[in-house]
Amino acid sequence: MNRADLNNHGDLNLQVDLAGIKLKTPVLLASGPAGYGHEYRELLDFRTLGAIIVKGISLEPWTGNLPPRLAETSCGLLNAVGLQNPGVEYFLKEDLPALRNSGTKVIVNVVGCSPDEYAAVTSRLDGKEGIDGLEINISCPNVKAGGMAFGTDPKATAKLVEKVRRETELPLVIKLTPNVTDISTVARAAETAGADGLSLINTLAGMLIDTENQKPLLGNTFGGLSGPAVMPVALKMVWQAAAAVRIPVLGMGGINSADDALQFIMAGARAVAIGTGLFYNPGLPVEINKGLAGYLHDKGYNSLAEVEGVARRQKGAD
């Protein structure tokens with residue numbers, strides 16, 4: 001049997017349950033590169049996806065950072081877009097109707113500069129037809145704490161999660177920043193406060209300098225590094241987070257192949273999300289699904305549940 005056909009093999013099960021969201025496949029589009037779905041409609045069949053996580057939505061429109069906003073590195077991408085978005089009311093009116101008919105589950109990424117802003121956006125999204133879950137991006141700067149990201153402080157994380165939890169019955173997936181000393185502490189804080197799942201990692205902080213003009217290359221000076229360069233770091237943090245909590249983990253960070261995805265699943269991730277890889281290969285999610293199905297077939301497994309966390313069990317980590 002050709003591996004290209006294995007994702008349709010009747011004995012194989014690529015379905016997963018992520019924080020109460022039933023997914024057809026374990027491959028999602030990560031928030032950011034996939035925009036609001038329009039950008040990839042002619043390049044990718046959304047019916048092959050577990051879900052699309054839309055670009056971050058704030059209470060009011062955000063203009064983002066000054067250009068240049070993107071810069072390639074030798075093994076990845078540095079971005080400082082600044083979470084530009086049209087605001088929650090525009091999203092509900094203009095973007096969500098099309099997403100309802102996309103053929104896949106929809107998870108909305110929520111951003112804000114204060115707990116009240118997060119709560120307000122969450123409240124507006126709650127109960128809206130076509131929204132299957134929320135991803136709360138706690139990498140945003142807390143303006144009331146001098147610009148420190150919510151996700152770098154377990155106490156701030158817990159307070160934020162508790163506040164948004166009161167505003168919705170939708171599944172809550174908390175997106176963790178890797179720019180911390182101990183990811184396990186933050187992961188546990190989010191779980192205790194009411195999170196249904198975790199997603200990680202967000203981008204790593206970095207910068208580049210334009211030596212010709214002798215100044216930072218990005219208009220914002222610093223940006224977030226993504227792509228293949230971050231995968232070993234992301235994998236380590238998924239391993240640590242999965243060990244620290246009982247809720248499911250969505251792994252992401254430099255995934256470029258089915259083998260990469262398998263590593264995250266074996267480290268304890270329930271599902272994976274593709275971000276930067278979409279820019280140079282929009283067909284990557286389909287390729288990963290086929291590769292996962294092929295692996296299950298070759299190894300004699302019937303579902304991904306048998307593979308989830310297997311490397312942890314082999315290591316005796318659980």
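The values are calculated or read from the model by the stated rules, or taken from the named source; none is laboratory data. Since the structure is predicted, the reported quantities are computational estimates derived from the model, not experimental observations. Every residue, glycine as well, gets a Cβ built from its backbone with ideal geometry; the counts of neighbours run over all protein chains shown.
The table below lists the values:
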quantity: Filter result (of a type outside the set (Val, Ile, Thr) and assigned to a strand (DSSP E or B)) within segment 37-54; calculated: ALA51
quantity: Residue match in segment 133-156 (condition: closer than 17 Å to PRO178 by Cα, modelled with pLDDT of 95 or more and aliphatic (A, V, I, L, M)); calculated: yes
quantity: Top-ranked residue of segment 160-196 - restricted to ones that are polar (S, T, N, Q) and outside any helix (DSSP H, G or I), ranked as modelled with the highest pLDDT; calculated: THR168
quantity: Test result for ALA258, in contact (Cβ under 8 Å) with a residue 40 or more places away in the chain and either closer than 16 Å to ALA195 by Cβ or not hydroxyl-bearing (Ser, Thr, Tyr) (or both); calculated: no
quantity: Qualifying positions in segment 55-106 - in contact with a Lys or Arg (Cβ under 7 Å, 6 or more places away or on another chain) and in a loop (DSSP other than H, G, I, E, B); calculated: ALA80, VAL81, GLY103, THR104
quantity: Only listed residue being within 22 Å of the chain's Cα centre (by Cα) and basic (Lys, Arg), chosen from LYS290, LYS315; calculated: LYS290
quantity: Segment 283-302, subset under 14 Å from LEU28 (Cα atoms) and touching a strand residue (DSSP E or B) at 6+ places or on another chain (Cβ under 9 Å), residue surrounded by the most Cβ atoms within 10 Å (Cβ to Cβ); calculated: PRO285
quantity: Selection within segment 114-131 - part of a loop (DSSP other than H, G, I, E, B) and either surrounded by 18 or more Cβ atoms within 10 Å (Cβ to Cβ) or polar (S, T, N, Q) (or both); calculated: SER114, ILE131
quantity: Odd one out for PHE279 among (1) hydrophobic (A, V, I, L, M, F, W, C); (2) under 28 Å from ASP182 (Cβ atoms); (3) modelled with pLDDT under 95; calculated: (2)
quantity: Residue in segment 197-222 that is nearest to the chain's Cα centre (by Cα), counting only those that are modelled with pLDDT of 95 or more and hydroxyl-bearing (Ser, Thr, Tyr); calculated: SER199
quantity: Residue match in segment 231-243 (condition: under 20 Å from ALA30 (Cα atoms), surrounded by fewer than 17 Cβ atoms within 10 Å (Cβ to Cβ), β-branched (Val, Ile, Thr) and within 17 Å of the chain's Cα centre (by Cα)); calculated: yes
